[in-house]
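First up is the structure itself, then whatever we jot down about it.
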Amino acid sequence: MEFFRIKKDIPFMKYALVLNAISVITFVLAVFFLTTRGLHLSVEFTGGTVMQVAYEQPADVGKIREQVASLGYQDILVQNVGSADRVMIRLPIEKGVTTAQQGEKVMGALKAADPGVTLLRSEFVGPSVGEELVHGGLMALGAVVLGIVIYLAMRFEWKFGVAAAIANLHDVVIILGFFAFFQWEFSLAVLAGVLAVLGYSVNESVVIFDRIREAFRKFRKLSTPEVIDHAITSTMSRTIITHASTEAMVLSMFLFGGASLHYFALALTIGILFGIYSSVFVAAAIAMWLGVKREDLVKVSQKDLDPNDPNAGATV
């Protein structure tokens, strides 16, 4: 489905050097903020007190979060567990205060609002668990990137695999850079959002790479930059429709999903915007600079080769 069709190819690769220079600057700034400011890790990574409480009726998670926050806690996680009347509360480590004391203080605030609430369990989760989550998250991230490179190298050509891996790394680091600069809370939900962005971004790259291969077969007289320009231009309508509809869903989570989905949706929004940018201007440009050519993607029949036409013999 197309809302519009662009008849003249847009010369994207003409501006590839300038746009990738901007990408490099943005990437370096993101790495700088990650190194100097670091991520504001949630309780899941840093450790703290985990409480589980039960209500006599379905619990209002938003009100419970406000009641706990009124005690002075900022980095808290409140969510339903198992059923609507059971709630899990994660509290950050508080110097000089034990887990039992934290539990008593929180239960006092909850009982003041609803005397029927009961404490099911309260325990301390040490930083070692958080370290395991960080290690597991990094391993998952590395496995995804490696899988993307192998998949694209097998489906297209190794140059596309390398280009997509660099573009995806660009997206991930920039998302983390935003979270480091603004000191937004980085939780497991945000990590899940980062992994989702990887899959989303590589899907866009696959669409463009597939159209590049098709253009190489169809337009034998075009140069590599012209082929890439045509491939990107021909996918513009699809790109706008797909990303606009996806972003509409993500914005609904951001605006109406509450605190638990706020940073998850924020990470997805940043990832979607930079994912489009990286697929068009980073991945395609890097593939061009790596020397991708018609012969890499189109089989050539030796008997049909014309010594006066280097592009002859390309089979469709």
Dipole magnitude of region 170-299, debye to nearest 20 (Cβ charges: Lys/Arg +1, Asp/Glu -1, about Cα centre): 660
Modelled FRET efficiency - R0 51 Å, residue 21 with residue 100, Cβ distances, 0.05 increments: 0.35
Option label - mean projected area of the Cα convex hull in nm² computed here, alternatives (1) 25.9; (2) 20.0; (3) 17.9: (2)
Principal-axis tilt of helix 158-182 within the chain, Cα atoms, nearest 10 degrees: 30
On Cα atoms only, tilt of 99-113 relative to the major axis of the chain in degrees: 80
Surface share of carbon and sulfur [accessible, 1.4 angstrom probe, percent] for the chain: 64
Angle in degrees between helix 16-36 and the longest Cα principal axis of the chain, rounded to the nearest 10: 20
Distance violations [Cα-Cα > 24 Å] among 8/159; 7/221; 63/105: 8/159
CD proxy at 222 nm, helix term only [per DSSP H run n ≥ 4: -39500 (n - 2.57); per residue of the chain; nearest 500]: -20500 deg cm²/dmol
Under Karplus coefficients 6.51, -1.76 and 1.60, residue-wise ³J(HN,Hα) of region 257-273 in Hz, glycine/proline x: x, x, 5, 5, 9, 4, 6, 4, 5, 5, 4, 5, 4, 4, x, 5, 4
Rough spin-label spacing in nm, given labels placed 7 Å along Cα→Cβ, for residue 40 and residue 203: 3.0
R0 of 30 Å, Cβ-Cβ distance residue 248-residue 8: FRET efficiency to nearest 0.05: 0.55
Label point 7 Å beyond Cα of residue 120 along Cβ direction - residues of region 54-87 with amide nitrogen under 17 Å: 54-62, 64-65, 77-87
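The values are calculated or read from the model by the stated rules, or taken from the named source; none is laboratory data. Only a predicted model underlies this, so the values are computations on that prediction, with no experimental measurement involved. Backbone-built Cβ (ideal geometry, glycine too); neighbour counts: all protein chains shown. Keep in mind that these areas ignore ligands, DNA and RNA; they rest on the heavy atoms of the full protein, side chains included. Shrake-Rupley method; radii C 1.70, N 1.55, O 1.52, S 1.80 Å.
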